[in-house]
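These notes are about the structure you will find just below.
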Amino acid sequence: MPRVLGADDSASLRAMLALFAEAFDDPQAYLARQPDDGYLGRLLTSEGFIAIGAFDGTALVGGLAAYVLPKFEQARSEIYIYDLAVHAAHRRQGVATAMIGELQRLAALRGAYVIYVQADHGDDAAIALYTKLGVREDVLHFDIPPRDGKPE
């Protein structure tokens, strides 16, 4: 059963980071420089971040991290699913669908306009899941690095 994580769920959020590190084969990004519990608690209570964990008993088996993006053209928001993963032993059992369902419920309560997510070419499982739940748009994604403003 998925649930939205709250201020006292720093340990669950850390378990989610470990799950993402394993699922995305990127321990450097998810484990090397984790913030302290105070930061995580503030993040978990902020209006701009949503973490949903799926549990088998007390063990975290799935995680979803999303950001709420307030819009300027209308008084509404969109929710971006930033990361979503399910432990290998629990895949193909509806865990990801249940977490997205919980996010849909929360999005409706908050009056969000839409939830969106990106999937990479070749990630057939993610593409199949998201196609089942929403309308597919083929777009290009670009990563633009920050720059300090100094001339190059």
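From most to least packed by mean Cβ count within 10 Å, the peptides 114-121, 83-90, 31-38, 47-54 give 47-54, 83-90, 114-121, 31-38.
Computed from the Cα positions only, the extents of the stretch 1-89 along the three principal axes stand at 42, 27, 26 Å, in decreasing order. Here the stretch 74-134 was treated as a single set of alpha-carbon atoms; its pair distances binned every 10 Å from 0 give 19, 52, 24, 5, 0 percent. Which residues among the stretch 65-100 fall inside the zone where the amide N is under 18 Å from a point 7 Å beyond the Cα of Tyr113, along Cα→Cβ? The answer is 67-81, whose backbone nitrogens lie closer than 18 Å to the label point. Under 5 Å between amide hydrogens, built in the peptide plane, is the criterion, and for Tyr82 it picks out Ala65, Ala66, Tyr67 among residues at least 5 positions away or on other chains.
Computed over the chain, the P(r) curve from all C-alpha pair distances, binned at 10 Å from the origin, holds 10, 37, 37, 14, 2, 0 percent per bin.
Using the rule -39500 (n - 2.57) for each DSSP H run of four or more residues, divided by the residues of the chain, the 222 nm mean residue ellipticity is -10500 deg cm²/dmol. Tell me which of Ala65, Leu106, Leu43 sits at the most positive position along the dipole axis of the chain, charges placed on C-beta atoms (Lys, Arg +1; Asp, Glu -1). Farthest towards the positive pole: Leu106.
Computed from the coordinates by the stated procedures, all read-outs in this text should not be read as laboratory data. Just so it is clear, the model here is predicted, and its values are computed rather than measured. For neighbour counting, all protein chains shown are included, and Cβ atoms are generated from backbone atoms with ideal geometry for every residue, glycine included.
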